[in-house]
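Heads up, the thing below is written out as structure tokens.
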2 protein chains.
Amino acid sequence: MTTLKDVAKKSGVAVGTASAVINNKSWVSEKTRQRVLQAIKELNYQPNQLARNLRTQRTNTIGVIVPDITNPFFPQIIRNIGALAHKYGYSIILCDSNEDYQLGIEAFHVLLDKKVDGIILIGGVVPKRELVKYLDKKHPLIVVIERDYGIPEIATVVVDAIKGGYLATKHLLDLGYNKIGIITGPLDDDDFYRGSFGRYEGYKKALEEYKISFNPEIVKQGDFSLNGGYKAMKQFLENNSQVQAIFAFNDLMAIGAMEAIKEKGLRIPEDIAVVGYDDIPEASYVFPTLTTIRLPKAQLGRMAVEILLNHTKKKPEFSIKKVLPLELITRQSCGAPLKLKSNLKWRY
Amino acid sequence: MTTLKDVAKKSGVAVGTASAVINNKSWVSEKTRQRVLQAIKELNYQPNQLARNLRTQRTNTIGVIVPDITNPFFPQIIRNIGALAHKYGYSIILCDSNEDYQLGIEAFHVLLDKKVDGIILIGGVVPKRELVKYLDKKHPLIVVIERDYGIPEIATVVVDAIKGGYLATKHLLDLGYNKIGIITGPLDDDDFYRGSFGRYEGYKKALEEYKISFNPEIVKQGDFSLNGGYKAMKQFLENNSQVQAIFAFNDLMAIGAMEAIKEKGLRIPEDIAVVGYDDIPEASYVFPTLTTIRLPKAQLGRMAVEILLNHTKKKPEFSIKKVLPLELITRQSCGAPLKLKSNLKWRY
DNA sequence: AGTCATAATTGAATCGTTTCAATTTACATT
DNA sequence: AATGTAAATTGAAACGATTCAATTATGACT
């Protein structure tokens, strides 16, 4: 291993000077700079990052925790985080909490241990109570995507989830569906609906606007997974709940719900319409294609990185919160309900 | 920041002893061990990993490079790598090369720079010529998943891809399809078919067995992406190539091909049958569901980690290669061709 | 030539651990 | 009590960079 000392010796300067060249401090004379550069090349010297990390207490690494890497929504965000971070010379340590708070907390501590320069939390991967414990201490900057903990020291990048929930529900109401079941995220002790709260509020707001009373019996809890959506939908179907449409709080659950509906021999949207949330790529190639709320995935990721790296030297003294826009994407899984259309019976 | 020195002072021992306690070396007496532990607790001491890393030249980190994190095949592997690594106290630095050799090479160098304890390459993310450059130098252990570079110093975990290609093709041949087009991975200057070579061989082997001559005109190059599959299929359809079935070298391209086929108003499998490769979750919920070759994704990931961590202290002196089993999963996208079935015309 | 400000350079201290040769302690044996 | 051996403990030297106060060189100006 060749070290800075070797470089210094070879080029006949002090290690401090060699270091200055590497970090191109302006005060090194051109002559010595060239000499050092030459030695670096000849010795094929690579600075040891570990020594650098120890001395500077920085790692050029940011930690990312995602709730479920197999949910196609997240890779889209991760890709953008990774690409932008790379551009700025940072790497990412990725942790998958598998929708499990315990794993999320563990991951959080690992990242603190590793002295990452910043942490990006995607979704509600760490419970609020755990997070607040670390705010008084010297902690790396934390940015949360798609979850608003309401903690001023933590930067937040979200979409207007209430509007999202509202748009999805309103779309169904406008088409004539009155009994709209919802499949939410996991209910939680101290973090209500794990951040799917906004969608929930939006749903209720739309109902209110259309003077339809909220019916808690057609609210089922999911877990943001395909299977969770499938199972929740099964409950709707078995309970003879008579729902005319379903608003699933993410696309994966929507697709799971569609599986259950098709399995039962019912048609989408003629018998039951479905709306999702996220707009993952799959939404446009499942059958029928899924109407959903599109989140700006690339922007969410990039914005989080921008915020993090802009404040990595010194913490911002004001609280940061960005709200990004979302939009309704209309596809096949919604349509006017049967009674308003032809009465033709046809099964898959 | 409280350091080991503080702990040592507080408990009245030398720092060497305190260090020994932390790394629970057996020769520390129970009495002093307790004293040190007590001090650690009272001071709420956390060892500084960066100092540790520098001193030991180890980081408890493994680097992972994937070709495309938005391809659902990879998150399944990543999850398993991450989970097992975490269990053994390791974190992963994830790099997404976006199917771009240049980015793959950059990622590789970043990982070497960061002094990761090992590197897992998934698929052909780094060209062979780049890899061999680093074999004479002191490099971390490298394990490659789903790609056989044929370099003894590099550990390899693959499936029997020739068998995979063979099974997929044979299945179609058995159903009566004779003209089977294929959509391969990217053709490459120095890395032929970027590791999709095995599937290609298997395809040819099956044809041979059925005495069907190989026709290079029905071989199209894809890029392992949905869109790549879509475009390749378009070519087949526009060229009036008369293919009766398609074997796409991964599921994503197969799904893309299905989109093109459906868009053209043709039926699957009645007009054109499709087989994929990987068995991503989507294969079972697209329409029609996709017949494919299932790869043991969890096992691939876990095996790579096992190999890496078993040899992280000292390099193995023999070359390691594991071949895992795969299987054909039959779903709706294949069936006997039209002439052998009913002649009913029906379009989507 | 002398003075002074500025530009370059030096090298020891530091970051916080682990490691290991040297030393001390404890205890059994004669 | 002396001796020998094994068990505990010590603390200085690494690991390889960055930082910064101190020093030296350079050149402009009188």
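Each reported figure results from applying straightforward, stated rules to the coordinates on display, with no laboratory input. Everything numeric here is computed off the predicted structure, so don't read it as measured data. Don't worry about glycine lacking a Cβ; one is built from the backbone with ideal geometry, like all the others, and counts go over all protein chains shown.
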Q | Label geometry 7 Å along the beta-carbon vector: A:Lys314 inter-copy distances in nm | A | 5.2
(Q) Between B:Thr291, B:Thr17, B:Thr61, where does the largest GNM mean-square fluctuation fall for chain B, given springs only between Cα atoms within less than 10 Å? (A) B:Thr17
Q | Selection of trypsin sites (Lys or Arg not before Pro), the stretch B:163-257, meeting DSSP coil and at most 10 other Cβ within 10 Å | A | B:Lys211
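Per-residue mean of other chain beta-carbon atoms within 10 angstrom of the beta-carbon, peptide A:48-60? Intermediate results must be reported in sequence, preceding the final value.
Values: counts 4, 8, 13, 3, 2, 8, 8, 2, 1, 3, 1, 4, 3.
Partner Cβ neighbours, averaged per residue: 5.
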**Q.** Nearest-20 debye value, chain A charge dipole, Cβ charges on Lys, Arg, Asp, Glu
**A.** 1500 debye
**Q.** Selection of trypsin sites (Lys or Arg not before Pro), the stretch A:1-33, meeting DSSP coil and at most 15 other Cβ within 10 Å
**A.** A:Lys25
Q.
For chain A, set up a GNM with springs between Cα atoms under 10 Å and report which of A:Ser333, A:Ser284, A:Ser196 has the largest fluctuation.
A. A:Ser284
Q) Are there chymotrypsin sites (Phe, Trp or Tyr not before Pro) in the stretch A:30-138 that DSSP puts in a loop and that have at most 11 other Cβ atoms within 10 Å, and which ones? A) none
Q. If you find the alpha carbon centre of the stretch A:228-252 and of the stretch B:83-147, how far apart are they in angstrom?
A. 43 Å
Q: Pick out which of B:Gly16, B:Gly123, B:Gly185 has the largest mean-square fluctuation in a Gaussian network model of chain B, springs linking Cα atoms closer than 10 Å.
A: B:Gly16
Q: Of the listed pairs A:Lys133/B:Lys10; A:Lys297/B:Lys170; A:Lys31/B:Lys138; B:Lys25/B:Lys115; A:Lys115/B:Lys31; B:Lys133/B:Lys234, which have alpha-carbon separations greater than 30 Å here?
A: A:Lys297/B:Lys170; A:Lys31/B:Lys138; A:Lys115/B:Lys31; B:Lys133/B:Lys234
Q: Report, in debye and to the nearest 20, how large the dipole of the protein assembly as shown comes out about its Cα centre when Lys and Arg carry +1 and Asp and Glu carry -1 on their Cβ.
A: 1940 debye
(Q) Please report the residue of chain A with the smallest beta-carbon distance to the A-to-B rotation axis, and give that distance in Å, no decimals. (A) A:Phe287, 2
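Using unit Cβ charges (K, R positive; D, E negative) and no other charged atoms, how large, in debye to the nearest 20, is the dipole of the stretch A:1-122 about its Cα centre? Don't jump to the answer; show the numbers that get you there.
On the way: 15 positive and 10 negative charges, 241 e Å.
Around 1160 debye, computed over the stretch A:1-122.
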**Q.** Listed residue (A:Val28, A:Ile142, A:Phe74) projecting farthest to the positive dipole end of chain A, Cβ model
**A.** A:Val28
Q | Cβ-vector label at 7 Å, A:Lys137, separations to other copies in nm | A | 3.7
Q | Nm distances between copies for A:Glu42, ranked from closest, using label points 7 Å along Cα→Cβ | A | 5.6
**Q.** Mean separation of Cα contacts under 8 Å, 6 or more apart, over the residue count of chain B: relative contact order %
**A.** 16 percent
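Averaging sequence separations of C-alpha pairs under 8 Å and six or more residues apart, then dividing by the length of the stretch A:12-148, give the relative contact order as a whole percent.
Once divided by the residue count of the stretch A:12-148, the mean separation gives 23 percent.
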Q | Mean separation of Cα contacts under 8 Å (6+ apart) over length of the stretch B:4-47, as relative contact order % | A | 46 percent
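What value, in deg cm²/dmol to 500, does the helix sum -39500 (n - 2.57) over DSSP H runs of n ≥ 4 give at 222 nm once divided by the residues of chain A?
Roughly -12000 deg cm²/dmol at 222 nm, from the helical runs in chain A.
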Q. Considering every Cα-Cα pair within the stretch A:4-47, what fraction, in whole percent, is farther apart than 16 Å?
A. 18 percent
